[in-house]
Structure formats: C-alpha cells, structure tokens
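Step one of this worksheet: look at the structure below.
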Amino acid sequence: MTEQYKMPEGFLWGGAVAAHQLEGGWQEGGKGVSIADVMTSGDKDHPRRVTDGVKQGEVYPNHWGIDFYHRYPGDVELFAELGFKCFRTSIAWTRIFPNGDEDEPNEAGLKFYDDLFDDLLKHDIQPVITLSHFEMPYHLVTEYGGWTNKKLIGFFTKFAETVFKRYKGKVKYWMTFNEINNQTTWDSPHHLLQDSAIKVEEGTPGMEEMMYQAAHNEVVASAKVVQLGHQIDPEYQIGAMIAMCPIYPLTANPKDIMMAERAMQTRYWFGDVQANGEYPSWLPKYWERNNIHVDVTDEDRKTLMDGRVDYVGFSYYMSFTTKATDDNPDYVYTESKDLVDNPYVEKSDWGWQIDPVGLRYSMNWMNDRWHKPLFIVENGFGAYDKKENDGSVHDDYRVKYFHDHILEMEKAVALDGVDLIGYTPWGCIDLVSASTGEMAKRYGFIYVDEDDLGHGSLERSKKDSFAWYQNVIKTNGAEL
Ligand code: BGP
C-alpha cells in the first residue's frame, strides 16, 4: 500500500537487539557473569527471577541466546539484505570488564566488538550502541550492592571511557542505560532495582530510599559519561533511553486527568533529569513528605546540568491507562496497582495494549517537554509464530502492527515537526525475551529455529515481514 509520507534523507532505518538476549557465549573470550546470566527462565504468567549466582549444572536462556556470538556474520548479511542503515545492540559490560572492577579491560572482549562493528560497517550499517542493557557484572552486585553504591559511578565511567576510546570512528550514536525509568516503576521486589539485581522483599523499610539513591547514582553516571564522550569525540551523540508507555486518564473526570498527569510525572522524571538537567519540582517535595533522604550534592546537580543528553532514545510498545481512587487523594502513582484496561485498544497474547496513535502522542509529548531529537530504538510485536515446513512464517499480524505504527511515526515527523533520527524495530531477529526468558515470544523479521530450552537447529529463515520491511526501507517509508 502506498502512503503519502516519506522520511527525510539519511533517516536511520534498522533493527535493535541487546547483547545478553542473543549473543550466548556467556563464558567465552574471558566474559564474566552478568546479572542476566543469573536469571531463570519464566513464561507469560511467571516472571523471571534473579538467583543467587549460577550453580553447577544450571543453565539459563542468556547462556546460549541465539548463538550470535559465533553466527553474527550470517546475521549481518541478512541485515544488509533488509537494507539496514543502522543496527542497535549493546556492549556486554562483562566482556570488557568481567567483574566490573578490574584495572585493565579484557582484550578478547574488546576485539569481539571491533570485529562485529567492522563487519557492520563493511555492509554500510552503522552500529548504535547501548552501554548498559540489563547486564551489569554480577560481581558488582554481590560485592558493592549494585547501583545503591556510589562507587558504581566510577566503574561505569571507566567502562564507558574504554569503549568510547576504542570504538572512536566506528560508532557515533550511543545510549547510556536501557529503559532507565523502568526500574522505579516495575515495583515487584525482583525488578525494583533491575539494573542492580538487588532482591528486596516488598515492604522492606527504606526500600524506596534505596531505589531513589540507586536511580540518582545512575543519572549522575549517565551525565558524567555524556561529558566524557564529548571530550573523547565531539561528534559523539549520546542519548538517554526511556521506556515510553504514555498513561491516559480513563475518563474526563478531572480526578482521572490529575492521576494521569501524576503518573506521567512519576514514570518520566528520568527523562526530565537526563534531557533538562534537573529534577522536576514535585520530586524533592515527594521525598521530603515521605522522609526519603537521597544524597544529591551540589556537584551532582552541576554534573546533571552539564551532562544533558544529545537525544532521547525510547522504546514504545504500548500505552497504559489509569484512574483516580478514593483512597489515594494525593494521586501517588504505583504501577502495579493503578493501571486499568483501556476499552478502546486490543492486547497482544502477553497482554500488551496495542496503540499506534499512542506512538504519535508520545513523540509529541516528549518533543514538547524535552526539546531534543528523538530516536525510536525499540518498537515491535511479540507474538507466537508458526514456522511452515519450508521455513516461512506468515506473520501478517506483525506487518499490520508495523504498518500502523510506522504510519503514526511518519505523521509525527511530517505533520507535527518532530525531529526523529531513526527507527530500529526490536528483536529484528528472534531472540530471548527479556521479561519471560522465552523464545516463544518472537519479534523478528528473521525466524530462529530454537525453543524455550535452547533446542533447535538455530537455522535462520525469513518471515513474510522480512520482504515487507525491506521495501519500507527501500522506499524510505513511502510504501507501507
Ligand atoms: C524492553 C527491553 C528489551 C526487550 C523488549 C521486549 O523492555 O529493552 O530488552 O526485551 O522490551 O520485551 P520482552 O522481551 O519482555 O517481550
């Protein structure tokens, strides 16, 4: 179908993955154990759990991924065939600093990414790199308490400095922390401090203070890294990465509107800090009222202002809806209990609300609030796919999802004037699901023959969406 819009010249079409969800090779080339390596598998009714380290004989999905570590040359060929202009992945921190606190980096790990980036560049695909995507060294958790400890700022900046220097000239677009805002909103004890993998029981005294301190340490680390990157290469574009799920009021009742506004403030304050350089006014008030003491120094405040990001990368899968309740007169938003179903949208098999218009709405909201270029670094439809005997997959549902979302994205650019750098659909090749650890929840244009236990030939084959997306890129978004 031909539509009326087209993206500007140089728009970065591509695809996105994260190291721990596809590389495998978890103990190869000197790699250390990451928090992702100590996560059990789960399914849509049972979230994954952080364990107390890997016991002998236990294997978790991240250990094998889709064996990208060995098979990437073939996968890069397929990305080139799709016409990718860019490819978003992360650098596994544990390949570079296996424990996170060493003095010297691990050369074999650095070389792995050198080779991968060279291969991408040879195919005219530029790497877009996340520094930390749910995969910090596990040692930093057991030894230091993860991000609750300010020492982590030093370890992270050292890691960033190492890769900024090493890949200068190969990488231009970087992001600091993947979906940084999710860790204060996924309020199950096991996800609360997801980057730190700290297990705290619900109701533990001081839990919220711990969470805010960890979050503060992360935004300071992010700001330091932005400044450092600019010193190393002024051409570097270093972004935030926000999990964007806009939160609508269920009705026009002013109380619901207020609740939705507070929910948006709560979910997106990380973006305010990273893009605007300061905490929004409501947050210190909230800390004060709740007796939460976060160690924020004047020097930290300066760092945050001087280390504002160049752009805002974000993931978009779904929207949320909320409503006010009588027992919550202050409109305090808690994600696990304040969300309700939206009667106007459908859901995926995993209960994710499908809302293409919400993408355009979100882009406008962020554009107005943060005044930074945007980069859609994740969007996609996780679904059960059925592979035919000839390897094909007829995923018209995925094509529809992308069609509808890309159309709204194009309107945000063409009609609303949003500055958008690129679009990288999530899991462009099937990989391990972050929330469930399954292979069954598939996102790719490329099918990978592998089941939830890691069994299968690992052969790659093209789904119907492959040719469709290839044409979208070829026509720069004119034909959807
Ligand atoms: C985001 C993460 C990704 C990715 C994606 C899809 O939250 O940044 O790592 O996995 O969501 O989620 P899932 O794999 O749980 O379907």
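Coordinate-derived values only; no laboratory data. Bear in mind that the values here come from a model prediction, so they are computed numbers and not experimental data. Cβ placement follows ideal geometry from the backbone for every residue including glycine, while neighbour counts extend to all protein chains displayed.
How much length is gained if the chain between Asn471 and Glu278 is pulled fully straight, taking 0.36 nm per residue apart and subtracting their Cα-Cα distance, in nm to one decimal? Present the calculation step by step, with values, prior to reporting the outcome.
On the way: separation 193, 0.36 × 193 = 69.48 nm, distance 4.23 nm.
Value of the extension gain: 65.3 nm.
Could you tell me how many cubic angstrom of Cα convex hull volume the range 278-376 has per residue?
Hull volume normalised by residue count: 152 Å³.
Among Gly74, Tyr268, His455, whose Cα sits farthest toward the positive end of the charge dipole of the chain (+1 at Cβ of Lys/Arg, -1 at Cβ of Asp/Glu, about the Cα centre)?
Result: Tyr268, furthest along the dipole toward the positive end.
Find the Cα radius of gyration of the chain, compare it with 2.2 N^0.38 Å by division, and give the number to two decimals.
In units of the globular-protein estimate, the chain measures up at 0.92.
Of Ser433, Tyr469, Leu415, which is farthest on the positive side of the dipole of the range 12-474, counting Cα position, with +1 on Lys and Arg Cβ, -1 on Asp and Glu Cβ, and the Cα centre as origin?
The Cα lying farthest towards the positive end belongs to Leu415.
What distance in nm separates the simple spin-label points at Ala478 and Lys6, each placed 7 Å from Cα in the Cβ direction?
Rounded to a tenth, the inter-label distance reads 0.4 nm.
Quick one: check the C-alpha center-to-center distance for the range 429-456 versus the range 289-317, whole angstrom.
35
What are the residues whose amide H is under 5 Å from the amide H of Leu12, where those residues sit 5 or more places off or on another chain and H is modelled from the backbone?
It is Gly422, Tyr423, by chain and number.
Given 10 °C and 1.306 mPa s, compute D for the range 258-307 with the Stokes-Einstein relation, Rh being the Kirkwood radius over Cα pairs; round to the nearest whole µm²/s.
Answer from the Stokes-Einstein relation: 135 µm²/s.
Taking the Cβ of His293 as the centre, find all other residues whose Cβ is under 15 Å away and add up their charges (Lys, Arg: +1; Asp, Glu: -1).
-2
Which of the aspartates and glutamates could a cross-linker span from Lys170 if the Cα-Cα distance has to be under 13 Å and same-chain partners fewer than 8 positions apart are dropped?
Straight-distance partners of Lys170: Asp114, Asp115, Asp118, Asp119, Asp124, Asp233, Glu235.
What list do you get for Tyr443, Tyr401, Tyr344 if you sort them by fewest beta carbons within 10 Å?
Values: Tyr443 26, Tyr401 23, Tyr344 11.
Arranged by neighbour count, lowest to highest, Tyr443, Tyr401, Tyr344 become Tyr344, Tyr401, Tyr443.
Report, in order of residue number, the helices in the chain meeting two criteria: a C-alpha extent of 24 Å or more along the helix axis, and a mean Kyte-Doolittle hydropathy of at least -0.5; treat each whole DSSP H run as one helix.
207-232
Over the range 58-120, with a single point scatterer placed on each C-alpha, what log10 of the ratio I(q)/I(0) does the Debye formula yield at q = 0.13, 0.22, 0.26 1/Å?
-0.44, -1.03, -1.20
List the lysines whose alpha-carbon lies under 17 Å from that of Lys224, not counting same-chain residues fewer than 8 positions away?
The reachable lysines, counting only those whose Cα sits under 17 Å from Lys224, are Lys150, Lys151, Lys158, Lys165, Lys302.
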